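Trainee: First the structure, which I've put down as structure tokens, then a few questions once you've had a look.
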Amino acid sequence: RKESSAASDVYKRQRRFFFLKNSCVGTQLTEYNRLYKENSAIYHDVCNRFGLSDSTFWILYILRTEEAPITQSDICVALSQPRQTVNSSLKKLEREGLLALSGEGGRHGKPVSLTPQGLELAEKTVDRVIESEQKALLDLSPDEQKQLLDAMRRYNAMLNTRMHDILFAQEDIHE
């Protein structure tokens, strides 16, 4: 009888997921996730074409788009990546002669800057991507640009609010 109850429970949970998957919202969520992955794949393909890891590309990107001085902490925040992950990538790029960690290390770490070799690489790779992004955005009308950004900001805020319970739940999900 206990097995029957457990099986029934699994069936109900699967059925609830199936309902969400086949609802209008489920269809839209599936499409949103597909578009998000497609967007990520576009950048990943460009990284591969340039012979860069995604991490290297995005660090170069931040160094080209953010106002100097830029620290390791700034890069972590901009990329939403843990400090250890960014630090490993920065050390690798420093060994390759693409960037320098120099100057006074304040509360947020040492400033990160491109070397001449790093600047040359960024100009041949990241700058071309930024130019393509700008052109693609300009292909949208000013209204469409605003709607796209407003919708993304609102969705991210709502998603963050809805995820709060998951992020700060007290129960152990591994039990």
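Trainee: If you roll a 1.4 Å probe over region 21-139 with all protein chains in place, what percent of the accessible area is carbon or sulfur?
Mentor: Roughly 53 percent of what the probe reaches on region 21-139 is carbon or sulfur.
Trainee: I need the phi-derived Karplus couplings for region 137-154: 6.51 cos²θ - 1.76 cosθ + 1.60, θ = phi - 60°, integer Hz, Gly and Pro marked x.
Mentor: Couplings: 5, 5, 5, 8, 5, x, 5, 5, 4, 5, 4, 4, 5, 4, 5, 5, 4, 5 Hz.
Trainee: Let me ask something additional. Just order 70-78, 109-117, 55-63, 131-139 by mean Cβ neighbour count inside 10 Å, highest at the front, would you?
Mentor: Taking the mean over residues of other Cβ atoms within 10 Å, the ranking is 55-63, 70-78, 109-117, 131-139.
Trainee: Have a look at Leu99, Leu121, Gly109 and report the one farthest towards the positive end of the charge dipole of region 88-139, computed about the Cα centre with Cβ charges (Lys/Arg +1, Asp/Glu -1).
Mentor: Ranked along the dipole, the leading option is Gly109.
Trainee: Considering only protein heavy atoms, what per residue accessible area in square angstrom results for region 119-165 with a 1.4 angstrom probe?
Mentor: 81 Å²
Trainee: Could you go through region 80-97 in sequence order and give the Karplus-derived ³J(HN,Hα) for each residue, using 6.51 cos²θ - 1.76 cosθ + 1.60 with θ = phi - 60°, rounded to whole Hz, and x for Gly and Pro?
Mentor: Each residue's phi maps through the Karplus curve to give 6, 10, x, 4, 4, 5, 5, 4, 4, 5, 4, 4, 5, 5, 5, 4, 7, x Hz.
Trainee: Now for a separate question. Scan around Lys110 for amide H atoms under 5 Å from its own, H built in the peptide plane at 1.01 Å from N, and keep only partners 5 or more places away or cross-chain.
Mentor: Amide H neighbours of Lys110: Gln72.
Trainee: Just check region 59-175 against the gyration tensor rule for me: Cα atoms, a ≥ b ≥ c as the square roots of the eigenvalues, rounded for a/c under 1.5, and otherwise prolate or oblate depending on whether a/b exceeds b/c.
Mentor: oblate
Trainee: Any chance you could run the full-extension gain for Glu67 through Tyr32? It's 0.36 nm times the residue separation minus the Cα-Cα distance, nm to one decimal.
Mentor: 9.5 nm
Trainee: So what are the ³J(HN,Hα) numbers for region 155-161, from phi and the Karplus equation (6.51, -1.76, 1.60; θ = phi - 60°), rounded to whole Hz, Gly and Pro as x?
Mentor: 4, 4, 5, 5, 5, 4, 4
Trainee: Among the listed pairs Lys91/Lys135; Lys37/Lys124; Lys91/Lys124; Lys37/Lys146; Lys37/Lys110; Lys110/Lys135, which are separated by more than 31 Å between their Cα atoms?
Mentor: From Lys91/Lys135; Lys37/Lys124; Lys91/Lys124; Lys37/Lys146; Lys37/Lys110; Lys110/Lys135, over 31 Å: Lys91/Lys135; Lys37/Lys110; Lys110/Lys135.
Trainee: Can you list the residues, at least 5 places off or on another chain, whose amide H is less than 5 Å from the amide H of Leu99, using H built in the peptide plane?
Mentor: Hits under the 5 Å cutoff: Glu94, Thr115.
Trainee: Shifting gears a bit: So, for region 23-104, what is the accessible surface per residue at a probe of 1.4 Å, expressed in square angstrom?
Mentor: Per residue, region 23-104 has an accessible area of 63 Å².
The values are calculated or read from the model by the stated rules, or taken from the named source; none is laboratory data. For clarity, every value in this text was computed on a predicted model and none was experimentally measured. No Cβ is skipped: glycine too gets one built from the backbone with ideal geometry, and neighbour counts run over all protein chains shown. In case anyone asks, the SASA skips ligands and DNA or RNA and just uses the protein heavy atoms, side chains included. Shrake-Rupley method; radii C 1.70, N 1.55, O 1.52, S 1.80 Å.
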